[in-house]
Amino acid sequence: MFTTENLTKSFYLFHEKIEQQKNQLSELDQAIGDGDHGNNMSRGMTAVIQGIEEKQPETVPELFKVAAMNLISKVGGASGPLYGTAMLQMSKASQTTEDTCQILTEGLAGIKNRGKSSEDEKTMIDLWFPAIEKMQQGKLTKEDLVAFVERTKDMEAKKGRASYLGERSIGHIDPGAASSQLLFESFMEAGV
Ligand code: ADP
Ligand code: MG
Ligand code: MG
């Protein structure tokens, strides 16, 4: 269950992990995109943490909303509006349910709608979808997350910049799946 405490902690952890892996995320994006994914996520999550410290949100929906607004407005790349829309949908969902998987599923639906995308197109969805599925069965592990990211290697990109490469995108990890691994790890470590 998301609480104000564990969600705040999740965002701090996610920010830390993004800062630590900023260069690796941008290197992944260098191979099949424009090399800015680490910087985009760093700019976005720095703004989210600033927003949390300024606004001191006291409920789960407010926390997701602060995250959404900052990600949408501060990140230039595709990932900002996609993560931001996920957070916005999670803000809405958390007003009516406490079911973690339900809330995450609404977030995933937000990404799919915004990106006009679905599974197996080598995007962040290929982390979110199987991670939520495993979580629903009550058996998501960090090793699973690693495996889901790894699986994007064999996929051909159908959406976003990497899709310009067509078959040449095969053999590389999707950067958005890699950053989403860090988000789900953060949820797990924060005790969501
Ligand atoms: P940009 O591609 O604009 O430079 P980023 O590099 O920050 O933005 O983010 C790229 C990531 O965004 C990709 O690795 C992929 O996971 C995700 N992405 C891009 N387009 C879509 C889409 N239409 N649907 C879902 N995810 C997408
Ligand atoms: Mg990029
Ligand atoms: Mg870019």
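For Met90, Met155, what's the fewest-to-most ordering of other Cβ within 10 Å of each Cβ?
With the fewest neighbours first, Met90, Met155 line up as Met155, Met90.
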For the chain, the fraction of alpha-carbon pairs in successive 10 Å shells from zero, as %
10, 40, 38, 11, 1
Over the chain, the sum of -39500 (n - 2.57) across DSSP H runs of at least four, divided by residue number and rounded to 500 deg cm²/dmol, gives at 222 nm -23000 deg cm²/dmol
Counting other Cβ atoms within 10 Å, keep those with at most 10, restrict to DSSP loop, and tell me which GluC sites (Glu not before Pro) in the stretch 1-57 are left.
none
Please work out how much length the chain gains when fully extended from Gln95 to Glu143, using 0.36 nm per residue of separation minus the C-alpha to C-alpha distance, in nm with one decimal.
14.1 nm
Ranked list, fewest to most other Cβ atoms within 10 Å of each Cβ, for Ser186, Ser79
Ser186, Ser79
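Once the other residues with Cβ under 13 Å from the Cβ of Ala109 are scored (Lys, Arg +1; Asp, Glu -1), what is the net sum?
So the environment of Ala109 carries a net charge of +2.
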Which residue, Ala78, Ala157, Ala178, tops the fluctuation ranking in a GNM of the chain built on C-alpha contacts under 10 Å?
Ala78
Any lysines whose Cα falls less than 21 Å from that of Lys142, other than same-chain ones fewer than 8 residues away, would be Lys9, Lys17, Lys22, Lys122, Lys134, Lys153
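No lab work stands behind these numbers, since they all come straight from the coordinates. For clarity, every value in this text was computed on a predicted model and none was experimentally measured. Positions of Cβ are backbone-derived with ideal geometry, glycine not excepted, and every protein chain shown enters the neighbour counts.
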